[in-house]
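The values are calculated or read from the model by the stated rules, or taken from the named source; none is laboratory data. Nothing here was measured: the structure is a model prediction, and the numbers come from that model. Neighbour counts run over all protein chains shown; Cβ positions are idealised from the backbone, glycine included.
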Amino acid sequence: MLSWIAAVVSCVGYGVASVLQSVGARRVATATGVTGLAAILVQVPYLIGLGLDGIAFLANVVALRELPLFLVQTVLSASIGVTAVLAVVRGARFGWKDWTSLGVLAAGLVCLGVSAAPEAATSLSLLTDWVILGSAVVPAVVLLIGLRLPERPAGLTLASAAGLGFTGVAVASRGLSVDAMGFGLLTEPLLWAILVHGALAMAAFALALQRGAVTIINAITFVIEMIVPSIIGLWLLGDHVRDGYAPLAIVGFGLAIAGTVSLMRFAE
């Protein structure tokens, strides 16, 4: 039950944080590159959003101690629904198709929740830990490419870099969840993988919010963050579904992706 509560807290936290970060980023929308990133980081709404991100991340780590990546990442994808609803509160239009999308997303979450088999992750070798840390070069390269593109493709590319960075955070967090908490964690490559991937993801996400609608940026980020870690979790970390529930899990995953993707049309 604690893991489920933590997953929901993480979902809501990330959704609210995304809106606040968008408000902060839009205040300095004309600044770009490193200067633009520095300007974003001193905006009060963005700083509050970062604080909520920290709370959401800690809740996410708690959730990953018992729940598989494909379930936790899908619950996190529901934060785009939180973002959309908050955008409505701020005055955006929200039609029946958008409510239907939220319903489809919720149905997918229910299917996955029923089919998931909660248990701790499989322990990883030290070499695998270092590979996960080294894989931070992938979102770093995508981020640099995004900074050289025109505004619209740059936003999409930077959102992809953010999704890949958050993928690294999710995989490292799930792998690290089997280790005992203590000062010994400071020597764990997975802890540093979380920090490096997380820093790259947050930078890419902040820059993407300058260049695109918050819900679209969230949709791209979370679709990547949902699909890639789920595959890695099933392949590498011992995640699995309950016996006989694989079809339901596939349907649930498809519904969750469809609900998330359909919200791409909703701009703040």
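Looking at segment 225-233, is at least one residue in a loop (DSSP other than H, G, I, E, B) and at pLDDT 90 or above? No: segment 225-233 contains no residue that is in a loop (DSSP other than H, G, I, E, B) and at pLDDT 90 or above.
Does segment 206-238 hold any residues that are of a type in the set (S, T, N, Q) and closer than 23 Å to LEU255 by Cα, and which are they? Please lay out each step first, then the result.
Kept after step one, since they are of a type in the set (S, T, N, Q), are these residues of segment 206-238: 210, 215, 218, 221, 230.
THR215, ASN218, THR221, SER230, listed by residue number.
Yes/no per residue for (1) of a type outside the set (Gly, Ala, Ser); (2) part of a helix (DSSP H, G or I); (3) under 18 Å from GLY54 (Cα atoms):
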position: ALA161; (1), (2), (3): no, yes, no
position: ALA170; (1), (2), (3): no, yes, yes
position: ARG211; (1), (2), (3): yes, no, no
position: ILE216; (1), (2), (3): yes, yes, no
position: GLY254; (1), (2), (3): no, yes, no
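If you go through segment 208-245 and keep only what is in contact (Cβ under 8 Å) with a residue 40 or more places away in the chain and at positive phi, you end up with just GLY238.
Residues that are modelled with pLDDT under 90, surrounded by fewer than 17 Cβ atoms within 10 Å (Cβ to Cβ) and assigned to a helix (DSSP H, G or I) within segment 235-252 comprise just one, TRP235. Reported count of residues in segment 66-100, each being modelled with pLDDT of 80 or more and more than 19 Å from the chain's Cα centre (by Cα), is 4.
None of SER22, SER10 is closer than 20 Å to ALA219 by Cβ, buried (at least 18 other Cβ atoms within 10 Å of the Cβ) and modelled with pLDDT under 85 except SER22. What number of residues in segment 198-219 are under 19 Å from ARG152 (Cβ atoms) and either crowded, with 23+ Cβ neighbours inside 10 Å or not aliphatic (A, V, I, L, M) (or both)? Residues meeting the conditions: 14.
Annotation: of all residues in segment 51-94 being out of contact with any helix residue (DSSP H, G or I) (no Cβ under 7 Å at 6 or more places or on another chain) and either touching a residue at least 60 places away in the same chain (Cβ under 8 Å) or closer than 17 Å to LEU263 by Cα (or both), the one that is surrounded by the fewest Cβ atoms within 10 Å (Cβ to Cβ) is GLY91.
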